[in-house]
Amino acid sequence: MAVQQSSPLKFVIAGAIVVAVIVWIAFSAGEQAKSYYVTIAELQQMGNKAYSRNLRVAGNVKPGTIERIGTSATFTLVELDKTLRVQYQGAEPPPDTFKDDSQALAIGTYGRDGVFHATQLQAKCASKYAPAKPGGTPTGNTAPLTTASVAR
């Protein structure tokens, strides 16, 4: 009885194919997850490249432009003299710090309709953590500390 031996070449080829597929999947997933930070002015000057990339755009929320509908929101970002209309549609509602004049970072894609379609939204209230102006009233919890308010 003759026993056939497996050729090691088959295993080498199969291993090379598996490694190539893993590298391709990792590379293509990394490209899709990459997002570029651009200013509003840069976004408006990107041309056709703006429509095919994941982008991050920051600015201040223009007062009076926030329209909330469930977990979605539409608003305008302002940076210097440039404005950008943003439509946020995410699984989570906008954060509590998302208000007029707050700084916001929208992550998503720019549409041919001239609207930035965000899937993630980050916001911070600049005045909440800013130091008080000289002679001004401090912000935050300013209640005097008493023995009744100290935890024992």
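The fraction of Cα-Cα pairs per 10 angstrom bin, counted from 0 for the range 71-119, comes to 24, 60, 16, 0 percent, rounded to whole percents. Taking label positions 7 Å along the Cα-Cβ direction at both Thr109 and Leu9, the computed distance is 4.5 nm, reported to one decimal.
Once you have the Cα-Cα distance between Asn54 and Ser72, take 0.36 nm times their residue separation minus that, and quote the gain in nm to one decimal.
Values: separation 18, 0.36 × 18 = 6.48 nm, distance 1.91 nm.
Roughly 4.6 nm would be gained on extension.
Using 0.36 nm per residue and subtracting the Cα-Cα separation, the extra length available between Glu79 and Ala16 on full extension is 17.7 nm. Projected label points at Thr39 and Ala91, each 7 Å from Cα along the beta carbon direction, are separated by 3.5 nanometres. Evaluated at q = 0.18, 0.20 Å⁻¹, the base-10 log of the normalised Debye intensity for the range 35-127, with identical point scatterers placed on the Cα atoms, takes the values -0.71, -0.88.
A simple count of charges around Ala104, restricted to other residues whose Cβ falls under 12 Å of its Cβ and scoring Lys, Arg +1 and Asp, Glu -1, yields +1. Applying 1/(1 + (r/R0)^6) with R0 = 25 Å to the Cβ-Cβ distance of Thr65 and Trp24, what FRET efficiency is obtained, to the nearest 0.05? Taking R0 as 25 Å, the efficiency between Thr65 and Trp24 is 0.05.
Computed from the coordinates by the stated procedures, all read-outs in this text should not be read as laboratory data. Just so you know, these numbers come straight off a predicted model, no measurement behind them. Counting neighbours? That spans all protein chains shown, and the Cβs are built from the backbone with ideal geometry, glycine included.
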